[in-house]
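Remarks on the structure that follows.
Laboratory data are not the source of any read-out in this text; all were calculated from the coordinates shown. All of these numbers come straight from a predicted model, not from anything done at the bench. Here Cβ is always computed from backbone atoms with ideal geometry, including for glycine, and neighbour counts include all displayed protein chains.
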Amino acid sequence: QRLKAAVHYTVGCLCREVEEDKDVQFSKQTIAAIAEITFRQCEIFAKDLEMFARHAKRTTVTTEDVKLLARRSNSLLKYITQKSEELASSNMEQKEKKKKKSSAAKGERTPGEQEAAVTENEDSNMA
């Protein structure tokens, strides 16, 4: 019930934004109808995502499931794919930072630092 109320509130806020931008009016009944349709569609999406994961013998919904759900809307699929790639890239960067921090804390050198140390050692041997 709280989720349904949150959807109704959000739809109301979005409708007010559209009213200001497009100079149109939405009746309370229209907002309620849009909120109800949105909530029901989200329920359908949730069930579909669950079925996609179950079909793949998984218990976790993945981004691939979401892409499959959005396949009929090219613009939505493109947006989801782009965001998914951005998140994957961001996660890789965070993993690299954690890896560098943990190796620095252990006194280990990163590959770049190792290469610099070898070069420095070779230079001192030549002198």
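With a threshold of 26 Å on the Cα-Cα distance, the over-threshold entries among 4/47; 47/97; 47/83; 47/98; 57/99 are 47/97; 47/98; 57/99.
Express the Stokes-Einstein translational diffusion coefficient of segment 24-78 in µm² s⁻¹, to the nearest whole number, given a Kirkwood radius over alpha-carbon pairs, 4 °C and a viscosity of 1.567 mPa s.
Details: Rh = 12.9 Å.
Translational diffusion coefficient: 100 µm²/s.
Taking the Cα centre of segment 52-111 as origin and assigning +1 to Lys and Arg Cβ atoms and -1 to Asp and Glu Cβ atoms, the resulting dipole is close to 200 debye. In segment 1-43, taking the dipole from charged Cβ atoms about the Cα centre, the farthest positive-side position among 11, 33, 1 is held by 1. With contacts taken as Cα pairs under 8 Å and at least 6 residues apart, segment 1-97 reaches a relative contact order of 17 percent. Sequence-ordered 3J(HN,Hα) estimates for segment 62-73 from the Karplus curve with 6.51, -1.76 and 1.60 and θ = phi - 60° stand at 10, 5, 5, 5, 5, 5, 4, 5, 8, 4, 7, 10 Hz, glycine and proline given as x.
With +1 assigned to the C-beta of every Lys and Arg and -1 to the C-beta of every Asp and Glu, and no other charges, what is the dipole magnitude of segment 1-43 about the Cα centre in debye, to the nearest 20? It would help to have the intermediate numbers written out before the result.
Details: 6 positive and 7 negative charges, 59 e Å.
Here segment 1-43 has a charge dipole of around 280 debye.
Along segment 16-21 the Karplus relation, 6.51 cos²θ - 1.76 cosθ + 1.60 evaluated at θ = phi - 60°, assigns HN-Hα couplings of 5, 4, 5, 4, 5, 6 Hz to successive residues, with x for each Gly and Pro.
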